[in-house]
Every structure is written in structure tokens, then in C-alpha cells.
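Asks: Quick one: the structure is below, questions incoming.
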Amino acid sequence: MRIFVTGASGWIGSAVVPELLGAGHEVVGLARSEASAKALEAAGALVLRGDIDDPDGLGKAAADSDGVIHLAFQHEVAFGGNFAAAAAADRRAVEAMGAALADSDRPFVLASGLLGLAAGRVATEDDGLVATAAVRANPAGRRAATALLTLSLRGIGVRSSVLRFPPTVHGDGDNGFMATLVGIARQRGVAGYVGDGTNRWPAVHRSDAARLARLAVEAAPAGSVLHAVGDEGVPFRQIAEAMSRHLGIPTASVAPADAGEQFGFLGHFVALDSPASAAMTRELLGWEPTGPSLLDDLGQDHYYRQA
């Protein structure tokens, strides 16, 4: 298959590309910069220069492919305070690529998120399929609406699926939430958690996430929701304790009201209790995570190297 991948040079995408190539697929990766283009070429992929603000270009690339994995999202815009703008750009991109794939039965895989999907209980692939009032009122809910749009593409002859990722896709080279939390703990001299720290985060190793993305584009039935979950729910206090042991600093409980001061922009997220299951995904595609758990990974040196 000739697979078009957006976000191909990102943290997850740079693992998905070799996974696809290793399975015999041809990959066309979207690259915004010269550095990204060179990295993709070095990996063995073809390169399309552009970005997700070009719906016409994305539509043409999708039409010229045998399938699409859409990993790109304007995270810098979203976390810079304008989630609505980032979500709007994402929706336009999905609309363009979905229209290009109509009536072809070709696959379209959309990356989405798990955090906050079913607060306080284990979320399953059946959750989040109806836009609640709370979701509609939240700018982040616009991304959830785009996931529902993606699932609806099966009605126009697209083998669409939504691949939900946990808040941490971990591994050597991670510069996301876990690496940020390690940096905060080092700077503050304490590894914090909110309240009693029993709130749980799901997690997956990067290699397992990449393999599931490949399986999704190869075989996920139209309208599938997939969960890339290796660890169903790691208590946040255990995350803090793992950092504490490696950094040689104490752990400490942080009051919910002080979470923003302690964790910065992550203050809202670190208190969420958001475990998730991948049981349906495993049964549907025969996917079994084999990479290290989050706590095992946090015991390795690579999270504590300083630039």
C-alpha cells in the first residue's frame, strides 16, 4: 500500500513510518520543514512538503494514496491557548481527505485522545460516541467532534477508524508530558502528585503505538474505535515515586488549588482520573503490547538526561 502519513516526523509518526516500511508499504510523509523532510528521506519515505492548513493539498495527497494515517495536530497552537483554532484546522483537514477517499473503501486512520474520556472509571472503545453537552461546551470537545466525523465517513465508502492515544506515549526520546513532568520535578526539587495521587493515567510504549497504527490502516473495519493502551491506569503517585527514586528527591502531595502553580499548563491534566481499556482493540486486531510499561520506562536513564 502507498500510505500518506501526516505528522510523519513527529514523536509517534517517526515510529509509524519505519513500522510501515518494515511491513512492505510505501510511505509518503507530510513535512513542514526542511529538517523534517530530510529525516523522512533518511528513514526511506517519500516526502510531501506542506502542512495541515492546506486542505486542497491534503485532499490531493489522500486521493493519490491507498490509505491515510492522520497523526498531525497543531499542538503548539492548542496549548498556546487557542485549542479551537487547532481543532478547526484539523476538521478542515479531515473533511478534505475524507472527501478525497469517498467511495473507495480505502482506509483513513485518525489520531485522537483518551484523557478525560470517561472520568473516574475505565473508558472503553464504546465511550465518547455521543457528543454530550459538556463536550460541546469545551473547546477540546471540537476535536472529539472531528473523531465522530471521521467515523461517519464509513457512510460515504471510507474505511475510517479513530485511534485514541493515551496522554503519554512513552519511550526513549519522549519530549511530551512525562519528560515535562520530570523537568518540573527536577526544577522544583520535589516530585508532586495531586491529592492522594490515586488518580490514574493510561499509557502505551511508542513501539506498540506504531504497530497498532499499522494494523489499523491495514485491517481495521470501517467505523472502528481503537485504544492504544498498554497500561490501563497508572496511579499518579506511582509516577511521582518513580521520578523521585531516579532524581533523588522527595515526593509530595499538592493541593488541587495549587496544581497550576506546581505543574504549570499541566496542572489541569495531572489530577484527572482517566484509566482506559484496550480489550476490544486487542480482540479486533490481535494487537498485544510488548514494550516496557510506563513505570519500567521511568526507571531508565533516558528520561533523566539533561541537554
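Asks: Which one of these is basic (Lys, Arg) and open to solvent by less than 70 Å² (accessible area, probe 1.4 Å): Arg32, Arg106, Arg49, Arg92? Spell out the reasoning first.
Replies: Details: Arg32 fails: open to solvent by less than 70 Å² (accessible area, probe 1.4 Å); Arg49 fails: open to solvent by less than 70 Å² (accessible area, probe 1.4 Å); Arg92 fails: open to solvent by less than 70 Å² (accessible area, probe 1.4 Å).
Among Arg32, Arg106, Arg49, Arg92, only Arg106 is basic (Lys, Arg) and open to solvent by less than 70 Å² (accessible area, probe 1.4 Å).
So that you can scan it fast, the table gives a plain yes or no per residue for (1) surrounded by 17 or more Cβ atoms within 10 Å (Cβ to Cβ); (2) at pLDDT 95 or above; (3) under 17 Å from Thr180 (Cα atoms); (4) polar (S, T, N, Q):
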{"residue": "Met243", "(1), (2), (3), (4)": "yes, yes, yes, no"}
{"residue": "Thr251", "(1), (2), (3), (4)": "yes, yes, yes, yes"}
{"residue": "Gly260", "(1), (2), (3), (4)": "no, no, yes, no"}
{"residue": "Ser274", "(1), (2), (3), (4)": "yes, no, no, yes"}
{"residue": "Trp287", "(1), (2), (3), (4)": "yes, yes, no, no"}
{"residue": "Pro292", "(1), (2), (3), (4)": "yes, yes, no, no"}
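Asks: Still on this structure: Quick one: Ala203 ticks every box in (1) buried (at least 21 other Cβ atoms within 10 Å of the Cβ); (2) over 19 Å from the mean Cα position of the chain (by Cα) bar one, so which box is it?
Replies: (2)
Asks: Now, a different point. All but one of (1) in contact with a helix residue (DSSP H, G or I) (Cβ under 8 Å, 6 or more places away or on another chain); (2) modelled with pLDDT of 95 or more hold for Gly57, so report the exception by its number.
Replies: Going through the list (1) in contact with a helix residue (DSSP H, G or I) (Cβ under 8 Å, 6 or more places away or on another chain); (2) modelled with pLDDT of 95 or more, Gly57 breaks only (1).
Asks: Name the residues in segment 166-200 that are crowded, with 24+ Cβ neighbours inside 10 Å and of a type in the set (Phe, Trp, Tyr), would you?
Replies: Tyr193
Asks: Still on this structure, please answer the following. Among the residues of segment 125-155 satisfying the criterion of being β-branched (Val, Ile, Thr) and more than 16 Å from Ala85 (Cα to Cα), which is modelled with the lowest pLDDT? Give the steps one after another, and end with the answer.
Replies: Taking segment 125-155 first, the residues β-branched (Val, Ile, Thr) are 130, 132, 135, 146, 150.
Narrowing further to those that are more than 16 Å from Ala85 (Cα to Cα): 130, 132, 135, 150.
Working: Val130: 84, Thr132: 69, Val135: 63, Thr150: 97.
Looking at residues that are β-branched (Val, Ile, Thr) and more than 16 Å from Ala85 (Cα to Cα), I get Val135.
Asks: Pairs, please: C-beta under 9 Å, at least 6 apart or cross-chain, first residue β-branched (Val, Ile, Thr) and in segment 287-305, second part of a helix (DSSP H, G or I) and open to solvent by less than 90 Å² (accessible area, probe 1.4 Å)?
Replies: Pairs that qualify, where the first residue is β-branched (Val, Ile, Thr) and the partner is part of a helix (DSSP H, G or I) and open to solvent by less than 90 Å² (accessible area, probe 1.4 Å), are Thr290/Ser207; Thr290/Asp208; Thr290/Arg211.
Asks: For segment 152-165, give me each residue that is of a type in the set (S, T, N, Q) and open to solvent by 10 Å² or more (accessible area, probe 1.4 Å). Break it down into steps so the answer makes sense when it comes.
Replies: Pass one, segment 152-165, residues of a type in the set (S, T, N, Q): 152, 160-161.
Answer for segment 152-165, where residues must be of a type in the set (S, T, N, Q) and open to solvent by 10 Å² or more (accessible area, probe 1.4 Å): just Ser152.
Asks: Answer yes or no: is there a residue in segment 28-40 that is under 18 Å from Ser160 (Cβ atoms), in contact with a helix residue (DSSP H, G or I) (Cβ under 6 Å, 6 or more places away or on another chain) and not polar (S, T, N, Q).
Replies: Applying the first criterion (under 18 Å from Ser160 (Cβ atoms)) to segment 28-40 yields none.
No, because not a single residue in segment 28-40 is under 18 Å from Ser160 (Cβ atoms), in contact with a helix residue (DSSP H, G or I) (Cβ under 6 Å, 6 or more places away or on another chain) and not polar (S, T, N, Q).
Asks: Which residue is surrounded by the fewest Cβ atoms within 10 Å (Cβ to Cβ), if the candidates are limited to segment 12-26 and must be touching a Leu at 6+ places or on another chain (Cβ under 9 Å) and over 15 Å from Arg106 (Cβ atoms)? Steps first, answer last, please.
Replies: Step one: filter segment 12-26 for residues touching a Leu at 6+ places or on another chain (Cβ under 9 Å), giving 12-14, 16-17, 26.
Adding the requirement that they be over 15 Å from Arg106 (Cβ atoms) leaves 12-14, 16-17.
Numbers: Ile12: 24, Gly13: 24, Ser14: 21, Val16: 28, Val17: 25.
It comes out as Ser14.
Asks: How many residues does segment 148-162 contain that are of a type outside the set (A, V, I, L, M, F, W, C) and more than 17 Å from Glu125 (Cβ to Cβ)?
Replies: Filtering segment 148-162 down to residues of a type outside the set (A, V, I, L, M, F, W, C) leaves 150, 152, 154-155, 157, 159-161.
Filter again for more than 17 Å from Glu125 (Cβ to Cβ), leaving 155, 157.
Qualifying residue count for the region: 2.
Asks: Between a first residue in segment 210-230 that is within 21 Å of Ser274 (Cβ to Cβ) and a second residue that is open to solvent by 30 Å² or more (accessible area, probe 1.4 Å), which pairs have beta carbons less than 6 Å apart while being 6 or more apart in sequence or on different chains?
Replies: Gly230/His205; Gly230/Pro289
Asks: Going by the structure shown, is Gly264 in contact (Cβ under 8 Å) with a residue 12 or more places away in the chain and either more than 30 Å from Asp126 (Cβ to Cβ) or open to solvent by 40 Å² or more (accessible area, probe 1.4 Å) (or both)?
Replies: The answer is yes for Gly264.
Asks: Of everything in segment 296-307 that's in a helix (DSSP H, G or I) and open to solvent by 60 Å² or more (accessible area, probe 1.4 Å), which residue is nearest to Ala203 (Cα to Cα)? Break it down into steps so the answer makes sense when it comes.
Replies: Of segment 296-307, the ones in a helix (DSSP H, G or I) are 296-298, 301-304.
Among the residues that remain, those that are also open to solvent by 60 Å² or more (accessible area, probe 1.4 Å) are: 296, 301.
On the way: Asp296: 12, Asp301: 19 Å.
Checked segment 296-307; the qualifying residue nearest to Ala203 (Cα to Cα) is Asp296.
Asks: With the requirement that a residue be surrounded by fewer than 19 Cβ atoms within 10 Å (Cβ to Cβ) and in contact with a Phe, Trp or Tyr (Cβ under 8 Å, 6 or more places away or on another chain), what does segment 78-89 give you?
Replies: Phe79
Asks: On to the next question. Looking at Ala118, Ala96, can you tell me which residue is at pLDDT below 95 and of a type in the set (Gly, Ala, Ser)? Before the answer, list the steps.
Replies: On the way: Ala96 fails: at pLDDT below 95.
None of the other options fit; the residue is Ala118.
Asks: For segment 173-195, what are the residues that are assigned to a loop (DSSP other than H, G, I, E, B) and at pLDDT 95 or above?
Replies: Going through segment 173-195, the residues assigned to a loop (DSSP other than H, G, I, E, B) turn out to be 173-176, 189-190, 195.
Gly189, Val190, Gly195, listed by residue number.
The values are calculated or read from the model by the stated rules, or taken from the named source; none is laboratory data. From a predicted model like this one, the values you see are computed outputs, not experimental measurements. All Cβ positions, even for glycine, are placed from backbone atoms using ideal geometry, and neighbour counts span all protein chains on display. Note: areas computed on protein heavy atoms with side chains; ligands, DNA, RNA excluded. Shrake-Rupley method; radii C 1.70, N 1.55, O 1.52, S 1.80 Å.
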